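*Asks:* Handing you this structure, nothing more for now.
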Amino acid sequence: MMRSRSKDTAGILVAGLRGADSRACLNFISAAGFETLQCDTHEQTLASLDHRPGIVFLALYASDGTSWLRLTGSIRARWRQARIVALAFESSEELAIEALRAKVDDYIHATAAPEAVIEILRELRAGEPQTEAHHDSATLGILGESRCVAELRTRLGRLSNSDCNVLITGESGTGKELAAAAIHRYSNRKHARLVCLNCAAIPDSLLESELFGYERGAFTGADATRDGKLKAAEGGVIFRPMRKPRSCGLWKRKKSTAWAATSPWW
């Protein structure tokens, strides 16, 4: 366990860091004026809550990220006022989902700029929800001040920092496409395209060609090669509303396609 003192009295407990990541992370947090306390094990982390840190910073890696997230219940039981931030060095869909279930206050990918991370920490220390501060109703395009709408904006802000797949549910006209657009706008894929595909309007016989494209001469009338929607969305986001069951055979045949692997299926 290592302690770093600096001019800021609001302490940050940093847990689970490894090697060079540990040194770099602690350096930029300390340089911003925070007092840091580093822990390497679950036991040290829980014991260090006696210092009443304002923020608990959990470093997540593929091998043990889930176990650190499962510690959040014990952290809150011992120190209810702590704000919990997950910093994913090796992010995955499963890890992001686990973080949402653990109800962490923020989920940050390690590729985020250090200045953005510091800003999040300062706002959490001050008790201001970061997502709402940066993604208010005007910027997200989602209006309303109710508790449910505020929670929706918070979740969309968290999801925008992740590369996980997202299932958006709701009745027709409730704003599913608006939610997908908000995630895209604030994600690291915002410079690539957001492609909206209305699957309900495409017959089963044409869905494969629309998604994956086709080569010239593949069928009657195919007089030129055409890229599919997945290729158009490469590096960006594809939003595909599904209002009726589709044949599973298409997804089984194409599950190894490179475009499907590189484009998230929002």
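The values are calculated or read from the model by the stated rules, or taken from the named source; none is laboratory data. Note that the structure is predicted; figures quoted are calculated from it, not measured. Here the Cβ positions follow ideal geometry from the backbone for every residue, glycine too, while neighbour counts run over all protein chains shown.
*Asks:* Quick one: what pairs do we get from segment 74-103, first residue surrounded by 13 or more Cβ atoms within 10 Å (Cβ to Cβ), second among the polar types (S, T, N, Q) and part of a helix (DSSP H, G or I), C-beta under 6 Å, 6+ apart or different chains?
*Replies:* Between residues of segment 74-103 that are surrounded by 13 or more Cβ atoms within 10 Å (Cβ to Cβ) and residues that are among the polar types (S, T, N, Q) and part of a helix (DSSP H, G or I), the close pairs are I84/T72; E98/T66; A102/T72.
*Asks:* For segment 18-76: of the residues being aromatic (F, W, Y) and part of a helix (DSSP H, G or I), which is nearest to F89 (Cα to Cα)?
*Replies:* So the first thing to find is which residues in segment 18-76 are aromatic (F, W, Y), and the list is 28, 34, 57, 61, 68.
Among the residues that remain, those that are also part of a helix (DSSP H, G or I) are: 28, 68.
Numbers: F28: 16, W68: 13 Å.
Only one residue tops the list, namely W68.
*Asks:* Of all residues in segment 180-199, which are part of a loop (DSSP other than H, G, I, E, B) and either within 18 Å of the chain's Cα centre (by Cα) or surrounded by fewer than 19 Cβ atoms within 10 Å (Cβ to Cβ) (or both)? Walk me through it before giving the result.
*Replies:* Of segment 180-199, the ones part of a loop (DSSP other than H, G, I, E, B) are 186-193, 197-198.
Correct list: Y186, S187, N188, R189, K190, H191, A192, R193, N198.
*Asks:* Also, I was wondering about something else. Mind checking whether some residue in segment 218-231 is under 28 Å from the mean Cα position of the chain (by Cα) and touching a residue at least 60 places away in the same chain (Cβ under 8 Å)?
*Replies:* No, segment 218-231 contains no residue that is under 28 Å from the mean Cα position of the chain (by Cα) and touching a residue at least 60 places away in the same chain (Cβ under 8 Å).
*Asks:* For segment 154-179, what are the residues that are more than 17 Å from I108 (Cβ to Cβ), assigned to a helix (DSSP H, G or I) and either assigned by TED's automatic domain parsing to the domain that holds K103 or in contact with a helix residue (DSSP H, G or I) (Cβ under 8 Å, 6 or more places away or on another chain) (or both)?
*Replies:* Result: A179, single match.
*Asks:* Kindly indicate the residue of segment 224-239 that is part of a loop (DSSP other than H, G, I, E, B) and in contact with a Lys or Arg (Cβ under 8 Å, 6 or more places away or on another chain) and also surrounded by the most Cβ atoms within 10 Å (Cβ to Cβ) among those meeting that condition.
*Replies:* The extreme case among them is A233.
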